[in-house]
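The values are calculated or read from the model by the stated rules, or taken from the named source; none is laboratory data. Bear in mind that the values here come from a model prediction, so they are computed numbers and not experimental data. When we count neighbours, we look across all protein chains shown, and the Cβ atoms used for this are built from the backbone with ideal geometry, even at glycine.
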Amino acid sequence: MKVLLVIPAIGSVYGGPSKSVLELAQALGRFGINVDIITTTANGSTSLDVPTQTWIVEKYYRIQYFAYWDFKDYKFSWSLTRWLLLHVTDYDLVHTNAIFSYPVLPAHWACWLREVPYIMTPHGMLEPWALAYKSGKKGLYFSWFEKPALQRASAIQMLASSEAKRIEPLRLKAPLVLIPNGVHPHDFEKLPNAELFYHNYPYIRDKTLIIFLGRIDPKKGIDLLSVVFAKVHQRFPQTHLVIAGPDNTGFSKTATKYFLDAGCLDAVTFTGMLTGSLKYAALAAASIYVAPSYSEGFSISVLEGMATKLPCVITTGCNFPEAAAAQAALVVDIDVDKIAEALIWCLENPEQAKVMGDRAQKLILEHYTWEQIANKLKDVYTRITNEHLARSSLQI
């Protein structure tokens, strides 16, 4: 089977969705699926320094980059459009990732024209909060372009059961398939020594660290976190908040002001994006993970926090009710007092919090690995391509 993955950008500044597509491509390739990725060179305010319009061969997949013109983050690319119209029939199925960004649109158009089946993964962009955010520029675009594409899809991948429930008001015709994101178990078998992280930030060596791991973005609830942490820090002065993540929208200045206004900026460290061993060392150094998001698709960083055995405090906006059902995390309403109470409980009850962290790792490694996710998607791909072939043979 030959599958084309389309995503507007895979620059590291875009966080989870970019990472998930690369991880998925590797996992599918291990199952023997022939996987190609096409994307643009976008990387926030810069562009990736990579060859364009030529295949770059990775271990389990190929990837091809295209130049683009950025207009209000829509990433127009005429070369990518032309390539899709010429080559989409080289594939048995196309899998697009994201909406409200131009590169996925020509993929859908090419599939309609060439009668190639496609599956769409919105990555949380159909969540009510996400649709309401900057709704002025999204409304007509969704009605004219995105909804018709969703209606004609062979399937829409939902990353969480709560995400599937929340999009019911859109009354989409395409079948929904529930397949989450995952992690690689080997990343958590033995974490790097926390000293690697402390070497870079020695002034927090003796602090009790609470870590936020994600993009510096309005939907991540950093405004809530500033007030929450001010409450927590007042009660537990030894705590220190680590905010680890990229800023691809210029939101850091606003985020910093939130903590300044809350009176706790001196106990907050913005590290920027952490990758590789340094990221895992930061998780090893942390005592608690927090995700106060208004809206998510299905956060890989939440999975990473749980897989590290950290007691995790996440909101209902993180779309992970299964974590609450398994008593593997504290899942609370999107509310300052509720988030603060959960963090304080973890600090006051370290032994019980540790048990919760142990349950968290067990849940993630048993049910949320990339091997399991790829196997489920392989079954979906096979069903869609078989149904397409059957319909095509009837029309002959």
Note to self: Just the residues that are buried (at least 20 other Cβ atoms within 10 Å of the Cβ) and either out of contact with any Lys or Arg (no Cβ under 9 Å at 6 or more places or on another chain) or not assigned by TED's automatic domain parsing to the domain that holds Val35 (or both), please, taken from segment 100-124.
What the structure shows: Val104, Leu105, Ala107, Ala110, Val116, Pro117, Ile119, Met120, Thr121, Pro122, His123
Check: Residues in segment 110-143 that are in a helix (DSSP H, G or I), at pLDDT 90 or above and of a type in the set (D, E, K, R): how many?
Finding: 1
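Of all residues in segment 292-334 being part of a helix (DSSP H, G or I) and aliphatic (A, V, I, L, M), which is surrounded by the fewest Cβ atoms within 10 Å (Cβ to Cβ)?
So the first thing to find is which residues in segment 292-334 are part of a helix (DSSP H, G or I), and the list is 300-307, 316-318, 321-325.
Filter once more, keeping what is aliphatic (A, V, I, L, M): 300, 302-303, 306-307, 323-325.
Numbers: Ile300: 23, Val302: 28, Leu303: 25, Met306: 30, Ala307: 25, Ala323: 23, Ala324: 14, Ala325: 10.
Per the stated criteria, the residue is Ala325.
Hey, does segment 197-208 have a residue that's under 30 Å from Met125 (Cα atoms) and crowded, with 22+ Cβ neighbours inside 10 Å? Give the steps one after another, and end with the answer.
The first filter runs over segment 197-208 and keeps only residues under 30 Å from Met125 (Cα atoms), leaving none.
Checked segment 197-208: no residue is under 30 Å from Met125 (Cα atoms) and crowded, with 22+ Cβ neighbours inside 10 Å.
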Margin query: What's the number of the only condition in (1) more than 20 Å from the chain's Cα centre (by Cα); (2) surrounded by 18 or more Cβ atoms within 10 Å (Cβ to Cβ); (3) among the hydrophobic types (A, V, I, L, M, F, W, C); (4) over 20 Å from His186 (Cβ atoms) that Ala390 fails to meet?
Written below: (2)
Check: Among the residues of segment 1-51, which ones are acidic (Asp, Glu) and in contact with a strand residue (DSSP E or B) (Cβ under 7 Å, 6 or more places away or on another chain)?
Finding: Asp36
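Residue-by-condition table, conditions (1) in a helix (DSSP H, G or I); (2) closer than 24 Å to Asp90 by Cβ; (3) free of Cβ contacts under 8 Å to residues at least 24 places away in the same chain:
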position	(1), (2), (3)
Leu5	no, yes, no
Lys19	yes, no, no
Ala27	yes, yes, no
Asp36	no, yes, no
Thr54	no, yes, yes
Margin query: So for segment 152-173 (the condition being closer than 26 Å to Leu22 by Cα, touching a Lys or Arg at 6+ places or on another chain (Cβ under 8 Å) and of a type outside the set (Lys, Arg)), does at least one residue qualify?
Written below: no
Note to self: Regarding segment 318-334, can at least one residue be identified that is at positive phi and touching an Asp or Glu at 6+ places or on another chain (Cβ under 8 Å)?
What the structure shows: yes
Next item on the list: Filter segment 230-266 for residues that are in contact (Cβ under 8 Å) with a residue 60 or more places away in the chain and in a helix (DSSP H, G or I) and give the result.
Entry: Lys231, Val232, Arg235
Check: Does Leu150 satisfy the criteria of being among the aliphatic types (A, V, I, L, M), without any contact (Cβ under 8 Å) to a residue 60 or more places away in the chain and not assigned by TED's automatic domain parsing to the domain that holds Ser299?
Finding: yes
Next item on the list: Inspect all residues belonging to segment 74-83 and state whether any of them is in a loop (DSSP other than H, G, I, E, B) and under 23 Å from the mean Cα position of the chain (by Cα).
Entry: yes
